[in-house]
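Would you mind keeping the following structure in view while I ask a few things?
The values are calculated or read from the model by the stated rules, or taken from the named source; none is laboratory data. Remember, predicted model here, so these are calculated numbers, not experimental data. Quick reminder, even Gly has a Cβ in these numbers, built from the backbone with ideal geometry, and neighbours come from all protein chains shown.
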Amino acid sequence: ELMDEFGIYMVSFDRAGYGESDPDPNRSVKSNAQDVDELADQLNLGPKFFVIGFSFGGELAWGCLKYIPH
């Protein structure tokens with residue numbers, strides 16, 4: 001209820017080669033961050049959104065911090 005009240009929602013995705021995504025052996029921290037940025041654009045999240053990561057997701061969150069300009 002609180003998330004609805006504040007208009008917050010969570011999005012999750014399969015990184016390349018996992019789940020239903022296509023494998024890509026040339027993935028990098030930067031390309032993973034670019035995928036997140038593209039997903040945010042496709043979902044019209046606007047210029048500000050939050051990324052939370054744990055375990056390997058921590059590396060993804062760090063890449064977003066470094067490579068996503070906003």
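Return yes or no: is Ser21 free of Cβ contacts under 8 Å to residues at least 12 places away in the same chain and touching a Lys or Arg at 6+ places or on another chain (Cβ under 9 Å)?
It is true that Ser21 is free of Cβ contacts under 8 Å to residues at least 12 places away in the same chain and touching a Lys or Arg at 6+ places or on another chain (Cβ under 9 Å).
Test each condition in (1) exposed (fewer than 12 other Cβ atoms within 10 Å of the Cβ); (2) in a loop (DSSP other than H, G, I, E, B) for Arg27 and report the one that comes out false.
All conditions are met except number (1).
What are the pairs, 6+ residues apart or on separate chains, where a residue within segment 46-70 that is closer than 15 Å to Asp35 by Cα has its Cβ under 7 Å from a residue that is of a type in the set (D, E, K, R) and not in a helix (DSSP H, G or I)?
Partner pairs satisfying both residue conditions: His70/Lys48.
Next question, about the same structure. Among the candidates Ala40, Ala16, single out the residue that is among the small types (Gly, Ala, Ser), part of a loop (DSSP other than H, G, I, E, B) and surrounded by 13 or more Cβ atoms within 10 Å (Cβ to Cβ).
Of the residues listed, the single one that is among the small types (Gly, Ala, Ser), part of a loop (DSSP other than H, G, I, E, B) and surrounded by 13 or more Cβ atoms within 10 Å (Cβ to Cβ) is Ala16.
Okay, moving on. Just to be sure before I move on: is Glu38 at pLDDT 90 or above and of a type in the set (D, E, K, R) in the structure I sent?
Criteria met by Glu38.
Evaluate the following for Leu60: is it surrounded by 14 or more Cβ atoms within 10 Å (Cβ to Cβ) and more than 11 Å from the chain's Cα centre (by Cα)?
Answer is no for this residue.
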